[in-house]
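Q: Handing you this structure, nothing more for now.
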Amino acid sequence: MAAYDIRIIGDPVLREVAADVTDIDGALVQVVEGMVDAMYEADGLAVAAPQVGVRKRLVVYHLPDDPEPVTIVNPRIEEYGDDEWLYSEGCLSIPGLYWEIARPKTVHVVGLDLDGNDVSIEADELAARMYQHEIDHLDGVLMTERLDDDQRVEAKRAVRELMLARADRVGTDAGPSSLLP
């Protein structure tokens, strides 16, 4: 079992702006280990700390070409490329739902590694999308806010059905009636 559960749309922590990490220490390493466990348990590509209820600017990921999981502390996008890339995007916090979303094809990301060293990454396609998606989480933004008007109508219905199905499984209220902006 993972140290953390993935928070699902409707959880207020997903709408909060995460605080900068100020201390890279053993406690942070334990958080990272729990995040990696949660990411693997959910069969995900990446997870941002707010998705596991931790209100810190921290992302873990494991891209197909990476030999092991990677952590980036206080990531931010310094530059976006001019070209857009349309891709079917999903989210562990909105399980089973995917939408075609256009995002910049390339980004330049900076942050720190777990040793406190500066990190500078030029990313494209899947990696660029992952960084944009996860940094959105750190800013309290869900991918549903990146949808066009027609997709948003579909998303409201799909998310409502997801919440009702989850409520039926756990026998609780489905949560807020309006989960999308």
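Q: In units of 2.2 N^0.38 Å, what is the alpha-carbon radius of gyration of segment 12-170?
A: Relative to the 2.2 N^0.38 Å estimate, segment 12-170 comes out at 1.04.
Q: Find which of V21, H137, L45 sits farthest along the positive direction of the dipole of the chain, computed with +1 on the beta-carbon of Lys and Arg, -1 on that of Asp and Glu, about the Cα centre.
A: Farthest towards the positive end: H137.
Q: Only bridges whose two residues both fall in segment 12-170 count here: according to DSSP, what percent of them are antiparallel, nearest 5?
A: Just about 95 percent of them are antiparallel.
Q: Also: Grab the Cα-Cα distance for D148 and N117, subtract it from 0.36 nm times how many residues apart they are, and report the gain in nm with one decimal.
A: Going from the current span to full extension adds 7.3 nm.
Q: Does a label point 7 Å from the Cα of R76, set along Cα-to-beta-carbon, have any residues of segment 99-120 with amide nitrogen under 16 Å, and which are they?
A: Those under the cut-off are 108-113, 118-120.
Q: Provide the packing ranking of 140-149, 29-38, i.e. peptides ordered by the mean count of other C-beta atoms within 10 Å per residue, highest first.
A: 29-38, 140-149
Q: Also, quick follow-up: To the nearest 0.05, what FRET efficiency results for E100 and A3 with a Förster distance of 41 Å applied to their C-beta separation?
A: 0.80
Q: Would you mind putting 113-126, 79-92 in packing order, based on average other-beta-carbon counts within 10 Å, highest first?
A: Final packing ranking: 79-92, 113-126.
FYI, it's all coordinate maths here, none of it is from the lab. Because the structure is a prediction, the values reported are computed rather than measured. Methodologically, a virtual Cβ is constructed for each residue, glycine included, from the backbone with ideal geometry; neighbour enumeration extends over all protein chains shown.
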